[in-house]
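Rule-based calculations on the coordinates, nothing more; no lab input. Quick caveat: nothing in here was measured; it's all calculated off a predicted structure. So basically every Cβ, Gly included, is an ideal-geometry build from the backbone, and we count neighbours across all protein chains shown.
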Amino acid sequence: SQTIHQWPATLVQPVGSPLSLECTVEGTSNPNLYWYRQAAGRGLQLLFYSVGIGQISSEVPQNLSASRPQDRQFILSSKKLLLSDSGFYLCAWSGEHTGELFFGEGSRLTVL
Amino acid sequence: GIQVEQSPPDLILQEGANSTLRCNFSDSVNNLQWFHQNPWGQLINLFYIPSGTKQNGRLSATTVATERYSLLYISSSQTTDSGVYFCAGGTSGTYKYIFGTGTRLKVLA
């Protein structure tokens, strides 16, 4: 069966520090991969999605970037964090030919 | 892009009550899901339902694709049903799922 993992689960970082959140999917190949962000008490905002290695689409201009170095690995990065980057970050995948989304456990980022 | 509107935004129920949550889409979608976000933030898949009706225990969902809305029914609610319910939709060609702002449900014992 397919599983998705992301880490770290929680992160407290100072303003101006770098960020790296990692997500991996197991049990499937050629997944579509997604990064969403959820601000406190709000809905989910799509940040990036990828349909293949090295193919990244950005939905929102921001301080973040994404990379997909391997088929089942998706990384969210920042060179210098801002206070407004705080939130709950969720990685998700869907099958190459099926639409259903499955989410990881989430990473809670607090920027101080 | 697609806009997703959920109603009601907040709902308080007594345990055992029934409820209906609604999701409207501004444009046609061919992928549609309902999720429950638990107090720990985990998003749990409830239904993948681009059209038709599905049931899973006390929960059921109906999507009328031609009229661009979906309904989630919760019967005999329990305190463990508390949390935020999201619907999300998208079109397979764009690979994007857009989420509604959610319905925050609190079930009182």
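Some points to look at:
- Selection status of B:N31, within 14 Å of chain A (Cβ to nearest Cβ) and surrounded by 17 or more Cβ atoms within 10 Å (Cβ to Cβ): yes
- Residues of the range A:5-33 satisfying the condition of being among the hydrophobic types (A, V, I, L, M, F, W, C) and either within 15 Å of A:F88 (Cα to Cα) or within 11 Å of chain B (Cβ to nearest Cβ) (or both): A:W7, A:A9, A:L11, A:V12, A:L19, A:L21, A:C23, A:L33
- Some residue of the range A:78-89 being touching a strand residue (DSSP E or B) at 6+ places or on another chain (Cβ under 7 Å) and over 19 Å from A:L112 (Cβ atoms): no
- Scan of the range B:60-95 for residues that are crowded, with 17+ Cβ neighbours inside 10 Å, within 19 Å of B:L108 (Cβ to Cβ) and either more than 14 Å from chain A (Cβ to nearest Cβ) or of a type in the set (V, I, T) (or both), ordered by number: B:I74, B:S77, B:D81, B:S82, B:V84
- Test result for B:F99, within 11 Å of chain A (Cβ to nearest Cβ), crowded, with 17+ Cβ neighbours inside 10 Å, without any contact (Cβ under 8 Å) to a residue 60 or more places away in the chain and in contact with a Leu (Cβ under 6 Å, 6 or more places away or on another chain): no
- Strands (runs of 3 or more DSSP E) wholly inside the range A:34-112 that include at least 3 residues being more than 11 Å from chain B (Cβ to nearest Cβ) and farther than 26 Å from B:C23 by Cβ: A:65-70, A:73-78, A:107-111
- Taken over the range A:13-65, the residue count meeting the criterion of being surrounded by 15 or more Cβ atoms within 10 Å (Cβ to Cβ), among the charged types (D, E, K, R) and either touching a Lys or Arg at 6+ places or on another chain (Cβ under 8 Å) or free of Cβ contacts under 8 Å to residues at least 12 places away in the same chain (or both) is 1.
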